[in-house]
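What follows is one structure encoded as structure tokens, with my remarks underneath.
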Amino acid sequence: QWHAMDYRNSPAWDFIRQEVEARQAGNTADVEELINKRLDADPFLADNYVRRASEHMHKGRFKESMEDLERADKLSPEDIEVLSLMAIVKVRLGETDAGLKMADELIAMAPKDWTAVYNGACSYSRATENDVPAEKKQEYADKAIQLMENCAKGLTFADFEHMQKDEDLVALHNHPKWAATVELVKSNKSKD
């Protein structure tokens with residue numbers, strides 16, 4: 001999640017703020033341009049590459065997304081968000097085994113970090129869309145649901161609204177445990 005205090009000293013601060021405001025207002029037309037302005041103003045802030053990688057990923061430009069994530073990884077090695085997004089992008093590029101291995105290693109390294117676990121679920125969910133046998137699709141879907149349950153139970157993940165809109169989890173919407181998993185996450189919201 002983005003925290004305003006993290007980047008106040010960056011020369012890209014004004015563009016960061018404007019980009020966040022554009023997203024919140026639903027003005028996606030300006031987001032990519034503002035991200036590029038962020039990069040021009042501060043090419044050493046890894047998060048700028050992560051934001052652009054995310055934009056690329058959601059537009060189906062996976063090679064460009066991986067290039068930006070590799071740049072971010074060089075600037076901020078061992079950043080969990082960067083590594084977990086790299087796993088998702090690998091899966092989206094058709095490198096299913098490599099992406100899932102990366103997700104599993106990251107989850108093993110940071111089992112209490114909801115970003116690692118949540119994005120691991122996204123990796124497994126996306127893997128169900130790849131050209132794999134039916135039994136693997138079911139195995140991947142079950143693993144994704146288990147990881148989302150772990151987010152809810154052990155990590156008190158509460159953003160059920162995002163979870164339901166997340167394109168990376170759409171493949172799970174027909175899973176028999178999806179509704180119950182959403183309710184688990186929703187129950188954490190009432191604890192906030």
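The values are calculated or read from the model by the stated rules, or taken from the named source; none is laboratory data. Note that the structure is predicted; figures quoted are calculated from it, not measured. Virtual Cβ from ideal backbone geometry, glycine too; neighbours counted across all protein chains shown. The accessibility values were calculated without ligands, DNA or RNA, using every heavy atom of the protein model including side chains. Shrake-Rupley method; radii C 1.70, N 1.55, O 1.52, S 1.80 Å.
Would a scan of the range 75-83 turn up a residue that is in contact (Cβ under 8 Å) with a residue 12 or more places away in the chain and of a type in the set (S, T, N, Q)? Yes: the range 75-83 contains one or more residues that are in contact (Cβ under 8 Å) with a residue 12 or more places away in the chain and of a type in the set (S, T, N, Q). Exactly one residue out of Lys59, Lys63 is more than 21 Å from Leu100 (Cβ to Cβ) and surrounded by fewer than 19 Cβ atoms within 10 Å (Cβ to Cβ), and it is Lys59. As for the range 119-138, it holds at least one residue that is modelled with pLDDT of 95 or more, open to solvent by 20 Å² or more (accessible area, probe 1.4 Å), of a type in the set (Asp, Glu) and assigned to a helix (DSSP H, G or I).
Beta carbons closer than 7 Å, at least 6 apart along the sequence or on distinct chains, pair a first residue in the range 137-166 that is closer than 15 Å to Ser125 by Cα with a second that is open to solvent by 50 Å² or more (accessible area, probe 1.4 Å) for Ile145/Lys177; Glu149/Leu184; Cys151/Trp114.
Determine whether Lys101 is farther than 30 Å from Phe15 by Cβ and either open to solvent by 40 Å² or more (accessible area, probe 1.4 Å) or of a type outside the set (Val, Ile, Thr) (or both). So Lys101 fits the description; yes.
Against the conditions (1) in contact with a helix residue (DSSP H, G or I) (Cβ under 6 Å, 6 or more places away or on another chain); (2) open to solvent by 20 Å² or more (accessible area, probe 1.4 Å); (3) closer than 27 Å to Met66 by Cα; (4) at pLDDT 95 or above, Trp114 satisfies every one except (4). The residues of the range 81-98 that are surrounded by fewer than 16 Cβ atoms within 10 Å (Cβ to Cβ) and in a helix (DSSP H, G or I), listed by number, are Asp97, Ala98.
In the range 170-192, the residue that is modelled with the lowest pLDDT out of those that are surrounded by fewer than 11 Cβ atoms within 10 Å (Cβ to Cβ) and not polar (S, T, N, Q) is Asp192.
Inspection of the range 11-22 finds no residue satisfying the criterion of being open to solvent by 40 Å² or more (accessible area, probe 1.4 Å) and under 19 Å from Glu67 (Cβ atoms). Just for the range 23-56: of the residues that are among the β-branched types (Val, Ile, Thr) and open to solvent by less than 90 Å² (accessible area, probe 1.4 Å), which one is nearest to Ala72 (Cα to Cα)? Looking at residues that are among the β-branched types (Val, Ile, Thr) and open to solvent by less than 90 Å² (accessible area, probe 1.4 Å), I get Val50.
Counting only residues that are outside any helix (DSSP H, G or I) and surrounded by fewer than 20 Cβ atoms within 10 Å (Cβ to Cβ), which one in the range 139-157 is farthest from the chain's Cα centre (by Cα)? Selected residue: Gly154.
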